[in-house]
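Read-outs throughout are calculated quantities, based only on the coordinates presented, and are distinct from any laboratory measurement. Just so it is clear, the model here is predicted, and its values are computed rather than measured. All Cβ positions, even for glycine, are placed from backbone atoms using ideal geometry, and neighbour counts span all protein chains on display.
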Amino acid sequence: MWCSDWGGESHGSFLDFDFENYKDHYKVLELNSEATDDEIRSNFIRLALKWHPDKLKEEDSATSRFQEINEAYQVLSDPFTRQEYDKRRMRRVYEHNMELFDRYKELIFTCNGLGMKNFLW
């Protein structure tokens with residue numbers, strides 16, 4: 001994938017993606033990333049009925065949970081939006097992995113015997 005695949009000005013870019021407030025829409029709908037359209041729709045209906053604010057009037061969290069479920073369905077039900085979301089999601093995973101690699105690279109290389117700076121014996 002190249003940078004041009006990530007979206008232009010009209011669709012946003014990775015630089016505009018808010019990594020701090022990232023929501024995993026697949027987790028919200030209790031799905032894996034290979035879910036079909038029918039699975040997305042059926043999980044949305046099941047969760048929307050379960051968390052509908054009119055059904056759970058005494059719970060304050062029901063409204064916010066219902067909004068999260070609705071937002072996740074709006075993103076994952078549209079093929080173009082889902083594709084863009086998946087690209088951003090993979091970029092987030094890559095960034096996270098690179099951050100971990102940078103933090104622990106000396107340990108990784110030492111354990112593999114490729115970059116030992118200090119000998120223990």
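Numbers for the structure displayed
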read-out: Sparsely packed chymotrypsin sites (Phe, Trp or Tyr not before Pro) within the range 72-107, loop by DSSP, other Cβ within 10 Å at most 12; value: none
read-out: Violating pairs (Cα-Cα greater than 26 angstrom) within the set Lys23/Lys50; Lys23/Lys105; Lys55/Lys87; Lys50/Lys87; Lys27/Lys55; value: Lys23/Lys105; Lys55/Lys87; Lys50/Lys87
read-out: Neighbour-limited loop hits for GluC sites (Glu not before Pro), the range 19-95 (at most 15 other Cβ within 10 Å; DSSP other than H, G, I, E, B); value: Glu20, Glu30, Glu34, Glu58, Glu59
